[in-house]
Amino acid sequence: MGKPRKLSLYFHIPFCLSKCYYCDFNSYAGLSWLIPQYVEALKEEMQLYAKGIWQFEIATIYFGGGTPSLLPMNAVSCILKTCRELFNMPPALEVTLEANPGTIDQSFLTQLKQIGVNRLSLGVQSFSDSELKLLGRVHSAVEAKEAYLTARETGFENINIDLLYALPRQTINDWQNNLAEVIKLNPEHLSLYPLTLEPGTPLANAVASGSLPKPNADLAADMYLLAKHELAKEGYNHYEISNWALPRKECQHNLTYWKNEPYLGFGAGAHSYLGGYRWANVLSPIEYIKHSSNTKTKASQQPYFNSPLVDNIEHIDRDLEIAESVILGLRLEEGVNLANFTRRFGVELYSIYHQQQINELVELGLIVKNEHGIRLTTKGKLLGNEVFSRFLPKNRG
Ligand code: SF4
């Protein structure tokens with residue numbers, strides 16, 4: 001008998017204390033009174049998939065949001081217990097919970113560790129109070145550091161810190177200070193993203209009206225290169241375009257996405273990818289809870305996405321799966337490995353994408369090619385979308 005296929009699980013917790021000024025995630029302030037019903041709805045949804053995914057071994061679990069650290073401990077514990085009861089869960093696996101520094105204390109973290117959460121992802125975003133204020137975060141820089149140190153004292157040995165850069169008015173020195181602060185803390189993992197001005201958010205409106213300056217793209221590129229340089233000196237592997245990790249501390253859950261492997265997302269707006277389909281649940285937590293009571297009648301039916309909770313389904317045909325695997329694979333430092341590609345798709349990469357098409361990208365200095373495969377150069381990482389669009393099925397040479 002071969003090894004069971006792996007499957008990662010994502011739980012979306014859409015509740016927040018208040019809405020940050022840049023945020024267009026599926027998250028809501030003032031709805032945390034829904035939490036008990038929402039957790040019941042998650043359990044219903046898990047029940048729905050239980051039979052259909054028993055052949056898979058669960059690879060990772062991730063609580064994202066929103067602010068999962070707003071969940072009471074019995075809710076996190078109940079979700080994990082239901083996972084163990086319903087799914088094929090190995091005794092040891094990466095279980096991550098995203099936490100907002102303004103929402104956690106020692107007692108919460110101690111219990112979290114006891115129930116099996118072994119990786120913490122802290123949404124710090126900045127170590128400057130004025131930048132945090134600009135972003136509308138609920139915590140201060142001191143609170144962020146305290147949250148990190150408390151997590152360490154509690155015994156968390158795998159911590160990610162999220163930071164944002166290219167903020168309005170942020171200088172390269174400000175960013176250097178942020179990097180210096182995070183390097184002092186020495187987390188195992190770092191996710192660094194340039195601020196995206198999402199239409200309709202208060203921050204985007206402030207930039208559009210001229211009350212805040214537009215972040216400069218060249219400065220953003222310099223900040224990225226500075227982070228790459230500083231973190232390399234500290235022993236971090238730049239293993240994905242926006243992610244750095246100490247050796248063997250890469251985020252296994254996110255690697256599922258970048259390797260285009262299957263995952264199931266539970267909760268409002270959560271996405272899943274399994275069996276040649278990708279689907280998304282209804283966005284509204286209220287609608288999600290309402291529809292969850294109808295899942296019982298559907299539990300024995302297939303395919304997986306035949307659920308009243310699902311709002312949107314997309315068939316991923318082989319051409320699209322190939323393109324997505326290449327594009328996602330290029331996000332990783334290791335790039336796209338030729339042997340792995342052939343093993344997965346039964347054809348060679350260069351029979352799908354002509355050498356000439358690849359060579360053009362090499363000549364532009366965007367990718368490098370060797371006997372093992374192709375990967376992005378630093379320039380290619382800065383101009384990722386330019387490269388990725390060339391691998392879409394409609395743009396094949
Ligand atoms: S904590 Fe995260 S999800 Fe919640 S509003 Fe802020 S950025 Fe959005």
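Nothing in this text is a laboratory measurement; each read-out follows from the coordinates by a stated rule. Only a predicted model underlies this, so the values are computations on that prediction, with no experimental measurement involved. Don't worry about glycine lacking a Cβ; one is built from the backbone with ideal geometry, like all the others, and counts go over all protein chains shown.
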Rounded to the nearest Å, what's the spacing between the alpha carbon centres of region 33-58 and region 96-164? Just the number, please.
27 Å
For region 91-159, just say rounded, prolate or oblate: build the C-alpha gyration tensor, square-root its eigenvalues into a ≥ b ≥ c, call rounded for a/c under 1.5, and beyond that prolate if a/b exceeds b/c, oblate if not.
prolate
When 12, 271, 253 are arranged by how many other beta-carbons sit within 10 Å of their Cβ, fewest first, they go 271, 253, 12
Give me the one-decimal nm value for the distance between modelled label points at residue 81 and residue 219, 7 Å along each residue's Cα-to-Cβ direction.
5.2 nm
Rank-order 48-59, 350-361 by packing density, defined as the average count of other C-beta atoms within 10 Å over each peptide's residues, highest first.
48-59, 350-361
Could you name the aspartates and glutamates whose alpha carbon sits less than 18 Å from that of residue 379, not counting residues in the same chain fewer than 8 places away?
218, 222, 230, 240, 333, 334, 360, 363
Taking a ≥ b ≥ c as the square roots of the eigenvalues of the Cα gyration tensor, with a/c under 1.5 meaning rounded and otherwise prolate when a/b exceeds b/c and oblate if not, region 26-69 is oblate
Output the relative contact order of the chain, whole-number percent, from Cα pairs under 8 angstrom with separation of 6+ residues.
16 percent
Cα extents of the chain along the principal axes, largest first, in whole Å, come to 56, 53, 43
Rounded Å value of the spacing that divides the Cα centres of region 175-242 and region 328-397:
26 Å
If the label point sits 7 Å along Cα→Cβ of residue 228, residues of region 342-381 with amide N under 19 Å come out as 361-370, 374-381
Which length gain, in nm to one decimal place, applies between residue 333 and residue 271 when the Cα-Cα distance is subtracted from 0.36 nm times their residue separation?
19.8 nm
In terms of the Cα gyration tensor, with a ≥ b ≥ c the square roots of its eigenvalues, is region 87-206 rounded because a/c is under 1.5, prolate because a/b exceeds b/c, or oblate?
prolate
How long are the three semi-axes of the equivalent ellipsoid of region 272-378, in whole Å, if each is the root of 5 times an eigenvalue of the C-alpha gyration tensor, listed from largest down?
39, 15, 10
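Evaluate Rg over Rh across region 9-139, taking Cα atoms for both radii and Kirkwood's formula for Rh. Please report the intermediate quantities before stating the final value.
Numbers: Rg = 15.6 Å, Rh = 15.7 Å.
Using Cα coordinates only, the ratio equals 0.99.
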Neighbouring Cβ atoms within 10 Å as the yardstick, rank 317, 174 fewest first.
317, 174
Equivalent ellipsoid dimensions for region 139-261 as semi-axes, Å, which come from the Cα gyration tensor, largest first
26, 18, 16
At a 10 Å Cβ-Cβ cut-off, how would you order 223, 46, 73, 89, fewest neighbours first?
73, 89, 46, 223
With just the Cα atoms of region 308-361, tell me how far they stretch along each of the three principal axes, in Å, largest first.
46, 23, 21
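Can you order the peptides 94-105, 239-250, 27-38 by their average number of other Cβ atoms within 10 Å per residue, highest first?
Sorting 94-105, 239-250, 27-38 by mean packing, highest first, produces 94-105, 239-250, 27-38.
What does the charge count around residue 37 come to, taking other residues whose C-beta lies under 15 Å from its C-beta (Lys +1, Arg +1, Asp -1, Glu -1)?
-2
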Too long at a 25 Å Cα-Cα cut-off: which of 43/290; 6/81; 214/369; 133/184; 43/145; 249/381?
214/369; 43/145
Check which residues have an amide H placed less than 5 Å from residue 237's amide H, if you skip close sequence neighbours.
245, 246
Other-chain or far-sequence residues with amide H under 5 Å of residue 337's (modelled H)
none
Hey, got a sec? Which trypsin sites (Lys or Arg not before Pro) in region 98-195 land in a DSSP loop and have at most 16 other Cβ atoms within 10 Å?
169
